[in-house]
Amino acid sequence: MQASAATAVRDFRDDARARLLRFDPLMLVATIGLIASSIYVVGNATQDDIPGDPNYFLYRQAAYAGIGFLLMLLMMRFDYSRLREWKLGIYGFLIASILLVYVVGVSARGSKRAISLPFLSFQPSELGKVLLVVSLAAFMTDRVRRLNDRETTSRLVLLAVIPAMLVLGQPDLGSGLVYLAILGSILFIAGTPWTHFAALGALAAAAIVIVLIAAPAVGVEVLKPYQKDRLTAFLSPGENQGKEAYQINQSLTAIGSGGKTGRGDEATQTKLDFLPEHHTDFVFSVVGEEFGFVGAALVLSLFALLIWRALRTLTIAKNFYGALVAGGITAMLMFQVFVNVGMTIGIMPITGIPLPLVSYGGSSVITTLIAIGLLQSIHAQARETAAVKRL
Amino acid sequence: MYLDNERRPTLTPQLAFRVAVVGGVALVMFAIIFFRLWYLQVLSGDSYVAAAKDNRVRSIKVQAPRGEIVDRHGVPLVENRHSFSIKLTPDKLPRSSADRHELYRRLGKLLGLKPARLQRRVERELKALPYSKPTVKQDVGPNYLAYILERQDEFPGVEPESEFLRLYPHRLIGAHLFGQVGEVSPDELKDPRYNGVSMGDRVGQAGLEAEYDRYLRGRNGAARVEVDALGKLTKTLNRVQPEQGEQLRLSLDLNIQRVAQQALAGGTGRGAFAVMNVQNGEVLALGSQPSFDPNIFSKPISQKKLDALSSEDLGKPLFDRAIQGGYPTGSTFKLITATAALESGLITPSTPLNDPGFLEVGDQKFENAGGVAHGTLSLVPALTVSSDVFFYQLGRDMNEKGMPLQLWAHRLGIGRKTGIDLPAEEAGRLPTPHWRDTWFKKHLTDRPWSVGDNVNLSVGQGDLLANPLQMAVAYATIANGGRVLRPRLGMRIEDATGRALQQLDAPTARRVKISAETRNAILEGLHGAASAPGGTSTPVFEGFPIPIAGKTGTAEHVGKPDQSWYVALAPYPNPRYVVAVTDEAGGFGADTAAPMTRRILAALFDVKENGLVQGGGAPD
């Protein structure tokens, strides 16, 4: 086994070109389609946002996509299994970069999430999503023989909860939830016993009760009031007149008024700024208003395609680690898509989670493209291995 | 080394199942999202389109200018002035109190107002009228306007509003008639009289503005504009032009009003007058002294200034003595006593009565003014020389069943409202046995009715309270042979160019039966009083080309100077106008009120006078 693997690895080095050709074309189509929609929609929605510079967001998003695309290509050629060896370094970097935000972070709208770099303000919590996937998958792989061990599960939980709590303190509720989703999927795909999940579920329920009800009752506020408002506003947008309900109502109005084929340039919810955060968190509402059901369905179909290919990559991965990474990335994408889109159509709370690839923002776009590059790498190596086996 | 890693994981049933679970979750989620989108966009899209339109389209009220008020010759008395006021839109104000505080601070600095007071006032107004737009400052200059409009980010919820304010070009002249315009109150909104008026509209709150509000108010226009989320105007969609209110033409004659006010101002400074057509009730002049400049009310006025306008020291300028004043009228009341005595059959015009200079009724002794004795005389000379004793006897004799003096005074309009088209009229008081006895029972007065009360009333003294307009109506009734007119100021409704839209019909007059004999005897007596030798006002009207019938009156007040009265009918013997004048501290009727009346009559009949007439003549 060891020998064949060594051969395979050597093979890849000899023929990187061939490996590149073994990528998943459907996944690439979905990726390019989403990136293209993003540049078009973000560009269109922000024409009037910065007076005198109508294409500010368009150019920046295009640049981020370009950088991300290059990184994705790079990842496609990269042997992802090497990441398993670097797990400690990666995990250390993840924690360190999040902590760094507390020290040198720049504030935006009341939260410190980003570090200011020359070209973009870098959000460690975004990159952290993919870093957490590769490190968590590695820790899991190490203990694959002791899956039934409670210690395995609790270690994993601890490893994920630490960064989740750290980003929650920034405060970045959305990323924290994504981290937990990643943890859940890696445990799930690895084969953690149902009893452990049941225990974790009970623990989570207890945590929610404590955070939302018990702790405030004794005067300890774990979540900031606005976070609690966001989480509960979607339950009754009509009654609640706060900012959160306002956002949900404007988003529903935008999407609903789009109708079947959209309002195009008549999209007043977007153009007149009624829709908040129309290039970031609520970008899907812009799609819904400007392009209607048809446009929204198209974007969702691209996501469905992407998620299908990600799941497929999971099933063909040449090794356990690859399967876990693919599983983690799938969960990361799925969770963000459903929570973000669900938020815009009023069936999920507002959590500040971006729509992968489509929402404006360098950190998110680049992180997602890196993750997709990893998926492609897993896919390519799986097919390579299969090809070698067939020989 | 990485043993597990090197194993190509066969798709174990467990993994296959778990992947299927994940795929299933994805499928379910996508299905939910698709159905939700279908519901939102395809099934209920239309209502959301309407909501989006609602969001961006605002209807802005464009205030209609009120109709102007002009005098009988079309001279504007009340006009409009365009101005801008700064208002707050409550739902656009900052939510946090710190931000609001900051906004008030900035506004206060800009407008020169104390922020705390500004905030208090706004909050008080909002509490009283929850959905109104409180006014921060009225009538601001264009530079403030531009400053705020250019800095909407710094002044959220602060909006200038175009407004028309009333302008009174003649200032003190006619000030009491017009009333004010103010924002409609919640109670008024419920009144059907204010149909079509909405919150924040300005309506007439007093005087003619209130009486003729439905003609004057006009129809507000509206502009439908598109705004962005910050409320900034992006474009105007359409506009409905406001329609100015209709013009009200009064029977008032500005020239006569001015002359009368000037004449009054030349007296002791507190008095009133009424000038009316005796045939149709048209009021040509109606005023009260001291007057005020109504322009001060087109801006918010400080309580201190308002108090000053109602203060006794300054003579209560806001008080309209012509229709709200209540005075004993002195001898001018003798016209009513004479009418009652003649019509009740107590006397005939030729019945002689002796005037020895005094009359004793019980233990009371009533004397003529100045103590003179006129001897035996009939009604006409008694009116001419204003014999008190003659009328004392009539008053004494009419203190009997049926109380003919009170009956006739009531018929001629004493103690009741004249029905003029002004809202704040007072009825005054006609003393009757019933009234005094009731008061006595309630311990409001020290004694019940006695014959002396009727003796006092016969010469317009005692508990009588009447105003110049009531006296004008009573005199007009004798002059026109029995029609008790309802005085009116509003003549017709016109469009802005003066074209008549609607004639305001003269209200039907109440009729009383007065014989021609009675009328002629009384007019003759009054004519004598102004022209015959010994007439109380003969010296005052010496050389006046228009023959008049006029009666002096001197009302006595305990501890205060006498009040001067004069009521004239002109021209004699077929009068067209009645002029009633009183000066609260003018002394004898001939001293002040009569010369004032002469000035007014001169203006009415366009008589050129050389210099001012001096008062003087016999006491009455």
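List of remarks:
- For region B:142-151, a residue qualifies if it is in a loop (DSSP other than H, G, I, E, B) and either within 10 Å of B:Ile86 (Cα to Cα) or among the acidic types (Asp, Glu) (or both), but none of them does.
- Check on B:Val385, over 40 Å from the mean Cα position of the chain (by Cα), β-branched (Val, Ile, Thr) and either modelled with pLDDT under 95 or outside the structural domain of B:Gln461 (by TED's automatic domain parsing) (or both): no
- Restricted to helices (runs of 4 or more DSSP H) entirely inside region B:1-103, those with at least 1 residues that are crowded, with 20+ Cβ neighbours inside 10 Å, at the interface with chain A (Cβ under 8 Å from one of its Cβ atoms) and touching a Gly at 6+ places or on another chain (Cβ under 8 Å) are B:13-37, B:45-56.
- Scanning region A:51-78 for residues that are more than 30 Å from A:His278 (Cβ to Cβ) and surrounded by 16 or more Cβ atoms within 10 Å (Cβ to Cβ) yields A:Met75, A:Met76, A:Arg77, A:Phe78.
- In region A:273-304, the residues that are within 21 Å of the chain's Cα centre (by Cα) and more than 11 Å from chain B (Cβ to nearest Cβ): A:Glu277, A:His279, A:Thr280, A:Asp281, A:Phe282, A:Val283, A:Val286, A:Leu298, A:Leu302
- The set of residues from region B:239-274 being surrounded by fewer than 24 Cβ atoms within 10 Å (Cβ to Cβ), farther than 30 Å from B:Arg202 by Cα and either under 18 Å from the mean Cα position of the chain (by Cα) or hydroxyl-bearing (Ser, Thr, Tyr) (or both) comprises just one member, B:Thr268.
- Among residues of region A:30-62, those that are free of Cβ contacts under 8 Å to residues at least 40 places away in the same chain and within 20 Å of the chain's Cα centre (by Cα), counted: 4
- When A:Leu374, A:Leu314 are checked against the criterion of being within 12 Å of chain B (Cβ to nearest Cβ) and crowded, with 24+ Cβ neighbours inside 10 Å, a single residue qualifies: A:Leu314.
- Matching residues, region B:465-480, being buried (at least 24 other Cβ atoms within 10 Å of the Cβ) and within 28 Å of the chain's Cα centre (by Cα): B:Ala466, B:Asn467, B:Pro468, B:Leu469, B:Gln470, B:Met471, B:Ala472, B:Val473, B:Ala474, B:Tyr475, B:Ala476, B:Thr477
- Filter result for A:Gly342 (within 8 Å of chain B (Cβ to nearest Cβ), surrounded by fewer than 24 Cβ atoms within 10 Å (Cβ to Cβ) and at pLDDT 90 or above): yes
- Contact map, region A:293-308: residues that are over 23 Å from B:Asp46 (Cα atoms) paired with residues that are assigned to a helix (DSSP H, G or I) and of a type in the set (Ser, Thr, Tyr), Cβ distance under 7 Å, separation 6+ or inter-chain. Pairs shown: A:Leu306/A:Thr31; A:Ile307/A:Thr330.
- Restricting attention to region B:92-109 and to residues that are modelled with pLDDT under 85 and under 39 Å from the mean Cα position of the chain (by Cα), the residue that is nearest to B:Arg58 (Cα to Cα) turns out to be B:Lys92.
- So B:Thr418, is it within 30 Å of B:Asn280 (Cβ to Cβ), part of a loop (DSSP other than H, G, I, E, B) and either in contact with a helix residue (DSSP H, G or I) (Cβ under 8 Å, 6 or more places away or on another chain) or not assigned by TED's automatic domain parsing to the domain that holds B:Glu400 (or both): yes
Here is a yes/no grid of residues against (1) crowded, with 16+ Cβ neighbours inside 10 Å; (2) more than 21 Å from A:Pro354 (Cα to Cα); (3) touching a Pro at 6+ places or on another chain (Cβ under 9 Å); (4) hydroxyl-bearing (Ser, Thr, Tyr):
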position: A:Ser116; (1), (2), (3), (4): no, no, no, yes
position: A:Met140; (1), (2), (3), (4): yes, yes, no, no
position: A:Asp149; (1), (2), (3), (4): no, yes, no, no
position: A:Ala164; (1), (2), (3), (4): yes, no, no, no
position: A:Leu173; (1), (2), (3), (4): yes, no, no, no
position: A:Leu183; (1), (2), (3), (4): yes, no, no, no
position: A:Ala214; (1), (2), (3), (4): no, yes, no, no
position: A:Val218; (1), (2), (3), (4): no, yes, no, no
position: A:Gln227; (1), (2), (3), (4): yes, no, yes, no
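The rows are residues; the columns are (1) of a type outside the set (Lys, Arg); (2) under 17 Å from B:Leu254 (Cα atoms); (3) modelled with pLDDT of 95 or more; (4) in contact with a strand residue (DSSP E or B) (Cβ under 9 Å, 6 or more places away or on another chain).
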site: B:Val579; (1), (2), (3), (4): yes, yes, yes, yes
site: B:Thr582; (1), (2), (3), (4): yes, no, yes, yes
site: B:Leu612; (1), (2), (3), (4): yes, no, no, no
site: B:Gly617; (1), (2), (3), (4): yes, no, no, yes
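- Selection status of A:Glu277, acidic (Asp, Glu), surrounded by 20 or more Cβ atoms within 10 Å (Cβ to Cβ) and in contact with a helix residue (DSSP H, G or I) (Cβ under 8 Å, 6 or more places away or on another chain): no
- Breaking point among (1) under 25 Å from B:Gln503 (Cβ atoms); (2) surrounded by 16 or more Cβ atoms within 10 Å (Cβ to Cβ); (3) polar (S, T, N, Q), for B:Asn195: (2)
- Only residues that are out of contact with any strand residue (DSSP E or B) (no Cβ under 7 Å at 6 or more places or on another chain), over 29 Å from B:Asp71 (Cα atoms) and in contact (Cβ under 8 Å) with a residue 40 or more places away in the chain were counted across region B:282-332, and they come to 0.
- Just one of the listed residues (B:Pro595, B:Pro575) is in contact (Cβ under 8 Å) with a residue 40 or more places away in the chain, in a loop (DSSP other than H, G, I, E, B), surrounded by 20 or more Cβ atoms within 10 Å (Cβ to Cβ) and not β-branched (Val, Ile, Thr), and it is B:Pro575.
- Test: residue in region B:506-522 that is buried (at least 24 other Cβ atoms within 10 Å of the Cβ) and part of a helix (DSSP H, G or I): yes
Every residue, every condition in (1) farther than 29 Å from B:Leu485 by Cβ; (2) among the hydrophobic types (A, V, I, L, M, F, W, C); (3) free of Cβ contacts under 8 Å to residues at least 40 places away in the same chain, yes or no:
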site	(1), (2), (3)
B:Phe390	no, yes, yes
B:Asn399	yes, no, no
B:Leu407	no, yes, no
B:His410	no, no, yes
B:Ala427	no, yes, yes
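- Residue identified as at pLDDT below 90, touching a strand residue (DSSP E or B) at 6+ places or on another chain (Cβ under 9 Å) and at the interface with another protein chain (Cβ under 8 Å from one of its Cβ atoms) among A:Thr253, A:Thr268: A:Thr268
The values are calculated or read from the model by the stated rules, or taken from the named source; none is laboratory data. Remember, it's a predicted structure, so these values are computed and weren't measured experimentally. Cβ coordinates were reconstructed from backbone atoms using ideal geometry, including for glycine residues, and neighbour counts include every protein chain displayed.
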